[in-house]
Amino acid sequence: MTTDILSSGVLDPIGPDARRPVIIAFLVFIGVSLLWVFTLATADEVDPEKLYVADRSLSPAFNGWAMAGEQISVVTLLTVSGGIALFGYDGFTYALDGLITLGVLLLLGQKIRNSGHYTLGGLFSLRASGSGPRIAASTVTLAISIPLLVIQLRAAGISVALLIGLPNDATQVICTVLMGCLVACFAAVTGLRGNSFMHAAKVPITLAVLLVMTLLALSKFAWDPGVLLSAAVKNSVAPDAYLKPGLWPYTARLGSLNTFGNHVVFILGTAVMPPMILRIGASRTGRAARRSMSIATGLGGVFVALLVTTGFAAAAVVGGAGIGTVDAGGQTAPILLASDVLRDGSTQRVALITLMACVIFLTVLTTVTGVTFAAAVSLAHDVLARGGRRTDTEEVRALRVAAIVMCAVSLSLAAAIHRYPNEFLVAFAISVAASCVFPTLIYSFFWHRFNRRGLLWSVYGGLLLCALLTVFSPIVSGTEFALWPEASFDWYPFQTPGLVSVPAAFALGWLGSITSAEDSGPDFQHVQYRVLTGRELGARPADPQRRDRPQPR
Amino acid sequence: MDRLRETAHSAQRTFLVVNAVPFSVGIALSCFTDVPAATVSGNLTLGMVWGILQCALFVASAWLYEMRSTRSSDPVELSLESDAPHTDASGAAAAHRTRW
């Protein structure tokens, strides 16, 4: 997803007059963020539940705004709008996928919240006892989170370096490290409530900036959306194919089935990412979680509409060739639009670019912090806190250490693979979520025969297939956008392993369950009652591993 | 319990069908045929119009799903809560709720 901006040469998209305000905004942003971190650090929080899920006290409206904020990621804001600006219809369909993702969460959110669990480990242990499911869940969480962190940190470094006017290798790595350190501080200190505040604050700011840019672009085209669209088509790189399927070069050449698989796997995978599950767990009740998702859907609809308009406006105002010169993937389209929509030298132009830069900084910080925090909670709660009896203080300390370690590992990897294409990481992370988490949730909530063996076969089988198929896919070798373009071991013909691994994980879950002698029927009744009502149906057999099972009040 | 399951699943099924059918048709047409490239008006193609309508349908159906669940499922769930002396399993009702 993140294309290599360096490949296109030295660039100065915002001009020297806006540079100083943008750098000042960046420094102020870092200063205010650190100040806030220090303020939060003084509040010595020792209750793990308060840190992990804000004591399950977030109101539907607040959590809905925060959930909408989760949808505004670096990928959606920069890559999708850039994809629309450069590749028209193909980018537009990916913007819609982001919205449909919320539909999956709308259907599963209430059940996830009612289950009482907020990590993959907890959800996996709904139908299977012992440490096996929790270890599998932690493995999956790391397999999803570390690639996502590497990608987002790298994108953050590239975007920030570009905004401050120094898009060279060294500056990009320094910016990546700076943002990574800031993220580590936030993830270790803020907790879910602080994170939610940032996400919720990001939504109105982002929507307002996109709305202003859209209105300014419309004013250039006589306030007529039809004229704007015509200009976008005319100024695009391929006017005849711009509003037709098949222009996105990475995906279109791999065939129709590849595009189909990309869409489906993207929707299923992004819906069940660990940060989403953690956020659902912070709702007061299952009903509140569902209401949050409804609110997030409305806000997500507004965001997608503005994102699509911004993408087309960028093509109309800047032109496809101009955007492609700066970045082959169009990631800088929103920045270029902010730069070109007002005349050079005006104060309003500088203010708009500075605001856009702030939105990008905030987006990077919130997105990466969210992923880091969710992974750290999973490690602290499902693995470190289960190695024996630990006090709350020790568990909170384990969370902080886990957050810092996650960031350190991801930063090292992001710096190490800085020069290489990393599309394979996106495909891998999303496919793992779609293959290992989605089938498990569906079976856990809806199928009475699902049991421990089915779960382990499904999760490990899905994970193994994702790893194998990614290695042998055209995003690792055999194509010009692959990790090793000169090598050729790409016998798997699709970009996303999910096209095979998702059905295979479902099949393995079914096969494992039916071949096991374990009778999961009675257990299913308890689970079904719980996910429908949020309450426990009588007593269940004791399982010492299920430490986070809520106790009767 | 059965009534709750029935009402909840009925609302979910409706939401799923209303959105999954146009989405699947749209994505299949867009991936396997040239139909979305057909011009509707000016530069606007059928694929674009389909996508915009799908987006609007999705937001509207999510709102209707919420309304329907609030009206039909939530009262059943609440009555179940008040009738049965079961234990709260979801970790709900945090003792010190904030206004957020």
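Nothing in this text is a laboratory measurement; each read-out follows from the coordinates by a stated rule. Note that the structure is a prediction, hence the values are computed from the model and not measured. When we count neighbours, we look across all protein chains shown, and the Cβ atoms used for this are built from the backbone with ideal geometry, even at glycine.
Gain in length, A:Ala408 to A:Ala201, computed as 0.36 nm per residue apart minus the alpha-carbon separation, to one decimal in nm?
Once the chain is fully extended between A:Ala408 and A:Ala201, it gains 71.8 nm.
So what's the angle, to the nearest 10 degrees on a 0 to 90 scale, between helix A:60-71 and the longest Cα principal axis of chain A?
Computed tilt is about 60 degrees.
Quick check: pseudo-label points 7 Å beyond the Cα along Cα→Cβ at B:Phe32 and A:Phe38, how many nm apart are they?
6.1
Using 7 Å Cα-to-Cβ label points, what is the A:Ala416/A:Ile23 separation (nm, one decimal)?
3.3
Where does the charge balance sit around A:Ser431 when Lys and Arg score +1, Asp and Glu -1, over other residues with C-beta under 15 Å from its C-beta? If you can, show how the numbers build up before the last one.
Numbers: positive: none; negative: A:Asp97, A:Glu423.
Surrounding charge for A:Ser431 is -2.
Along the charge dipole of the range B:2-74, pointing to its positive end and built from +1/-1 on Cβ of Lys, Arg, Asp and Glu, which listed residue (B:Val18, B:Met67, B:Trp50) has its Cα farthest out?
B:Met67
Across 5 Å bins from 0, what is the distribution of all Cα-Cα pair distances for the range B:33-74, in whole percents?
6, 22, 16, 14, 11, 10, 8, 7, 6, 0
Which lysines, on any chain, are close to A:Lys220 with Cα under 20 Å apart, when same-chain ones fewer than 8 places away are left out?
A:Lys234
Quick check on the exposure proxy: order A:Leu355, B:Leu80 from fewest to most C-beta atoms within 10 angstrom.
Going from least to most buried by this count: B:Leu80, A:Leu355.
Quick check on the exposure proxy: order A:Trp510, A:Trp223 from fewest to most C-beta atoms within 10 angstrom.
Working: A:Trp510 18, A:Trp223 10.
The most exposed by this proxy come first: A:Trp223, A:Trp510.
Calculate how steeply helix A:89-115 sits against the longest principal axis of the alpha-carbon atoms of chain A, using the helix alpha-carbon long axis, and give the answer as 0 to 90 degrees to the nearest 10.
Between helix and principal axis, roughly 20 degrees.
Just from its helices, what would the mean residue ellipticity at 222 nm be for the protein assembly as shown, if runs of 4 or more DSSP H residues each count -39500 (n - 2.57) and the sum is divided by every residue, rounded to the nearest 500 deg cm²/dmol?
On the way: 26 runs with 443 residues, N = 653.
Using -39500 (n - 2.57) per qualifying helix, the result is -23000 deg cm²/dmol.
Of A:Gly329, B:Cys31, A:Ser138, which is farthest on the positive side of the dipole of the protein assembly as shown, counting Cα position, with +1 on Lys and Arg Cβ, -1 on Asp and Glu Cβ, and the Cα centre as origin?
After comparing all options, I get A:Ser138.
By counting other Cβ atoms within 10 Å of each Cβ, how are B:His9, A:His448, A:His263, A:His381 ranked from fewest to most?
In order of increasing Cβ crowding within 10 Å: B:His9, A:His448, A:His263, A:His381.
How much net charge surrounds B:Arg68 when only the other residues with a Cβ under 14 Å from the Cβ of B:Arg68 are counted, with Lys and Arg +1 and Asp and Glu -1? Can you show the working numbers first?
Values: positive: A:Arg287, A:Arg290, A:Arg291, B:Arg13, B:Arg71; negative: B:Glu6, B:Glu66, B:Asp74, B:Glu77.
Here the charged neighbours net out to +1.
With angles folded into 0 to 90 degrees, how steeply does helix A:256-271 sit against the dominant principal axis of chain A? Use alpha carbons for both and round to 10.
Helix A:256-271 sits roughly 60 degrees off the main axis of chain A.
Restricting attention to the range A:187-270, which trypsin sites (Lys or Arg not before Pro) occupy a DSSP loop and are surrounded by at most 13 other Cβ atoms within 10 Å? Display every interim value, and only then the final one.
Values: sites: A:Arg193, A:Lys202, A:Lys220, A:Lys234, A:Arg253; in loops: A:Arg253.
Those satisfying the criteria are A:Arg253.
Dipole magnitude of the protein assembly as shown about its Cα centre, charges +1 at Lys/Arg Cβ and -1 at Asp/Glu Cβ only, in debye to the nearest 20? Could you put the intermediate results ahead of the total?
Values: 45 positive and 40 negative charges, 274 e Å.
Approximately 1320 debye in magnitude.
Grab the eigenvalues of the alpha-carbon gyration tensor for chain A, scale each by 5, take roots, and send me the semi-axes largest first in whole angstrom.
Details: eigenvalues 298, 138, 91 Å².
Equivalent-ellipsoid dimensions as semi-axes: 39, 26, 21 Å.
What do the square roots of 5 times the Cα gyration tensor eigenvalues come to for the range B:2-74, in whole Å, largest first, as semi-axes of the equivalent ellipsoid?
Working: eigenvalues 216, 34, 5 Å².
Computed over the range B:2-74, the values are 33, 13, 5 Å.
Binning every alpha carbon pair distance of the range A:33-96 at 5 Å from zero, what are the percents per bin?
Calculated over all Cα pairs of the range A:33-96, the distribution is 4, 14, 12, 14, 17, 12, 9, 9, 7, 3, 0 percent.
Can you tell me the relative contact order of chain A? Whole percent, Cα pairs under 8 Å, sequence separation 6 or more.
Working: 1015 pairs, mean separation 155.8, N = 553.
Taking the mean separation of contacting Cα pairs over the length of chain A, I get 28 percent.
Residues in the range A:183-224 near a label at A:Ser346, defined as backbone nitrogen under 15 Å from the 7 Å Cα→Cβ point?
Counting only backbone N, you get A:212-223.
Taking the Cα centre of the range B:2-74 as the origin, how large is its charge dipole in debye, to the nearest 20, when only Lys and Arg (+1) and Asp and Glu (-1) carry charge on their Cβ atoms? Kindly include the intermediate steps, with their values, before the conclusion.
On the way: 5 positive and 5 negative charges, 34 e Å.
That gives the range B:2-74 a dipole magnitude of about 160 debye.
Dipole of the protein assembly as shown (Lys/Arg Cβ +1, Asp/Glu Cβ -1, origin at the Cα centre): which of A:Ser339, A:Ser412, A:Ser33 lies farthest to the positive side?
A:Ser33
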